[in-house]
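The values are calculated or read from the model by the stated rules, or taken from the named source; none is laboratory data. Just so it is clear, the model here is predicted, and its values are computed rather than measured. Here the Cβ positions follow ideal geometry from the backbone for every residue, glycine too, while neighbour counts run over all protein chains shown.
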Amino acid sequence: MHRLSSGPNWRGLWALLRRGMVRYLRSLPEMAGGTAGMGLLFLLVFSVALPDGTTFQPGVDALQFLVPGLIAWGMFSSAFDNVGFPLLFDRMEGMIQDIMMAPLSPLERLAGYVLPGVCCGLVTGAIMLGLFSIFIDIPLSTPWRSAGFALVGCVLFSLIGSLTGLWAEKWDQFALVENFLVLPLGLLSGAFFTLDSLPDTGQLAILGNPVFHIIDGFRGGFTGTTESSGWLGPLLSLMPSMLLFYFTWRLFARGYRMTV
């Protein structure tokens, strides 16, 4: 059902955004606390395993290099979960029909799911940054750069979550995407290694991975050093989000798999 008025339904969009954020805040200790706790465990393992004085980039301590990657992983996984989980839950419980009947356009319905995921991802990242800064002296070279790439990454993984929430028919399928796509993309896209540590074929493969450029740009805002060229990173970071946005919007417009 489409509304008759031509202007945006800001009240309806705000209601969906508030609904998603309230759901996240009610489970904040489990959602953000669990992710931050896992990140601290990773830091503990690396601090024990790596010899003192280990560096991955000139002038950057190993743990200072790893912290931005762990924060990026926490943000992206939170953004994915807080879109895919509510969308699949609403479909399985039949509540998606209430949203479909509301005077909202397909774009507003999509934004009503994606925007809470983006906000939840950024909140999780801020919590992890504050917690890690207690134990690690984290540099912050250009905050605006980190903020920009954090936003792009959360949008990308929120859109992946929306596609997963539409595609999955049961929780096992949702977990399949999370464990075999989202987790590897978050952890194996430069979170723990530099580009020059890979063989030539590996470097070519990772340079084509947009998540690597997002993590690299996000880390560059902390350390002041990036591994991708000036234009390649932002371009490869934005293009997948734009394509996924258009594709997901068309699925919402068609009412694709709005019931399970």
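Residues that are within 23 Å of Ser77 (Cα to Cα) and of a type in the set (Val, Ile, Thr): list the helices (runs of 4 or more DSSP H) wholly contained in the stretch 153-260 that include at least 2 such residues.
Helices (runs of 4 or more DSSP H) meeting the threshold: 210-223.
Select from the stretch 138-158 the residues that are of a type in the set (Ser, Thr, Tyr) and buried (at least 21 other Cβ atoms within 10 Å of the Cβ) and write down the one among them that is modelled with the highest pLDDT. Here the residue is Ser158.
Could you go through the stretch 126-146 and let me know if any residue there is part of a helix (DSSP H, G or I) and closer than 21 Å to Arg18 by Cα. Among the residues of the stretch 126-146, at least one is part of a helix (DSSP H, G or I) and closer than 21 Å to Arg18 by Cα, which makes the answer yes. Among residues that are under 24 Å from the mean Cα position of the chain (by Cα) and β-branched (Val, Ile, Thr), Val67 is included. Within the stretch 198-209, residues that are closer than 18 Å to Leu232 by Cα have Cβ atoms under 6 Å from residues that are modelled with pLDDT of 85 or more in these pairs: Gln203/Leu195; Ile206/Phe212; Asn209/Ser189, counting only partners at least 6 apart in sequence or on another chain. For the stretch 15-48: of the residues being of a type in the set (Ser, Thr, Tyr) and within 16 Å of Gly84 (Cα to Cα), which is surrounded by the fewest Cβ atoms within 10 Å (Cβ to Cβ)? Filtering the stretch 15-48 for residues that are of a type in the set (Ser, Thr, Tyr) and within 16 Å of Gly84 (Cα to Cα), the one surrounded by the fewest Cβ atoms within 10 Å (Cβ to Cβ) comes out as Ser27.
Scanning the stretch 25-79 for residues that are β-branched (Val, Ile, Thr) and either part of a loop (DSSP other than H, G, I, E, B) or more than 15 Å from Asp137 (Cα to Cα) (or both) gives Thr35, Val45, Val48, Thr54. Of everything in the stretch 179-192 that's in contact with a helix residue (DSSP H, G or I) (Cβ under 9 Å, 6 or more places away or on another chain), modelled with pLDDT of 85 or more and surrounded by fewer than 20 Cβ atoms within 10 Å (Cβ to Cβ), which residue is nearest to Arg145 (Cα to Cα)? By that ranking, first place goes to Phe192.
Take the conditions (1) more than 16 Å from the chain's Cα centre (by Cα); (2) touching a residue at least 24 places away in the same chain (Cβ under 8 Å); Trp10 misses just one of them, which is (2).
Could you check the stretch 225-260 and list, in sequence order, the residues that are among the β-branched types (Val, Ile, Thr) and surrounded by 12 or more Cβ atoms within 10 Å (Cβ to Cβ)? The answer is Thr225, Thr226, Thr248, Val260. In the condition set (1) touching a Leu at 6+ places or on another chain (Cβ under 7 Å); (2) modelled with pLDDT under 85, Phe174 is compliant with all but (2). Taking the criterion of being surrounded by fewer than 17 Cβ atoms within 10 Å (Cβ to Cβ) and not aromatic (Phe, Trp, Tyr), the residues of the stretch 100-137 that qualify are Met100, Met101, Ala102, Pro103, Leu107, Ala126, Gly130, Ser133, Ile134, Ile136, Asp137.
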